Amino acid sequence: MSLDSEKQLAAIEAVKYVKSGMTVGLGTGSTAAHMVKELGRLVQDGLEIVGVPSSENTNKLATELGIPLTTLEKTNGIDVYIDGTDEFDPYMQLIKGGGGALLREKILTYNSNLVIIIADSKKEVKRLGDFRLPVETIPFATKKIEQLLQKMGLHPKLRLKDGSNFVTDEGNFILDLDIAHVSNIQLLESNLKQIPGIVETGLFLDMADIIIISKGENTITLRK
Ligand code: 5RP
């Protein structure tokens, strides 16, 4: 079974948690896109939900599929948020932001009653850090933050797209960090968040309630 089929299988399993009347947070990325497509099909069949997209890309996809949308401030909170991940470890800690939507994703995650993460089999790791940790930075401060993170041994790389700086939906830049050698990720998170100009990191610590992982034709559901 291909990785893409695994993503789709996890997505189909996750939307079983969505019921009519719910406000649903819609993640970003190729796995989340399968979930949005599945919700689109269910909406056509009569499921009554309202979605809150985590990115302009997801907004566009959900709109094309006819999913009614709203914004975070207009809701009384999100019933269930479903999104992919770049890595998860045995403690259900995540690295997210490979698609560059980490800031809005983390805000929606924080404001959701139930957070479901969907993953193909390649996303499960023993220890976080094979994937570079995305950190969203204010353009005004990015050069100085990059120099500081270099001194901290985190080998920042400014994310580029088509030869120019990658710009997030919130108008910021992304530095991708090497955290493979970092043993205390909680401390790393708090140290990074203290640096002025770092808006958010892709460490989603203690935020996932459920992880649905596909392995071949099977799905496994992990709970907090
Ligand atoms: C986007 C994300 C994605 O959830 C993450 O990058 C996984 O992407 P994919 O489902 O395409 O593997 O955090 O910011």
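If you scan the range 1-10, which residues turn out to be among the small types (Gly, Ala, Ser) and more than 13 Å from Ile210 (Cβ to Cβ)?
Answer for the range 1-10, where residues must be among the small types (Gly, Ala, Ser) and more than 13 Å from Ile210 (Cβ to Cβ): Ser2, Ser5.
Can you name the condition, by its number, that Ala141 falls short on among (1) in a helix (DSSP H, G or I); (2) crowded, with 23+ Cβ neighbours inside 10 Å?
(2)
How about the range 106-140: which of its residues are within 13 Å of the ligand (Cβ to nearest atom) and more than 22 Å from Glu6 (Cα to Cα)?
Lys106, Ile107, Leu108, Thr109, Arg132, Leu133, Pro134, Val135, Glu136
How about the range 201-224: which of its residues are closer than 15 Å to Val15 by Cα and in contact with a helix residue (DSSP H, G or I) (Cβ under 7 Å, 6 or more places away or on another chain)?
Scanning the range 201-224 gives Ile212, Ile213, Ser214, Thr219.
Find all pairs meeting these conditions: Cβ atoms under 6 angstrom apart; at least six residues apart or on different chains; first residue within the range 94-110 and within 17 Å of Ile185 (Cβ to Cβ) and in a helix (DSSP H, G or I); second residue near the ligand (Cβ under 6 Å from one of its atoms) and at pLDDT 95 or above.
Leu102/Lys96
Would you mind stating whether Glu170 is assigned to a helix (DSSP H, G or I) and either under 19 Å from the mean Cα position of the chain (by Cα) or of a type in the set (A, V, I, L, M) (or both)?
So Glu170 fails the test.
Can you pull out every residue in the range 119-135 that is more than 22 Å from Thr168 (Cα to Cα) and of a type in the set (Lys, Arg)?
Lys122, Lys123, Lys126, Arg127
Please go through the range 65-93 and give me each residue that is away from the ligand (no atom under 16 Å from the Cβ), part of a loop (DSSP other than H, G, I, E, B) and not aliphatic (A, V, I, L, M), ordered by number.
Passing the criteria: Gly66, Pro68, Thr70, Thr71, Thr75, Asn76, Gly77, Pro90, Tyr91.
The values are calculated or read from the model by the stated rules, or taken from the named source; none is laboratory data. Since this is a predicted model, take the numbers as computed values, not measurements. Methodologically, a virtual Cβ is constructed for each residue, glycine included, from the backbone with ideal geometry; neighbour enumeration extends over all protein chains shown.
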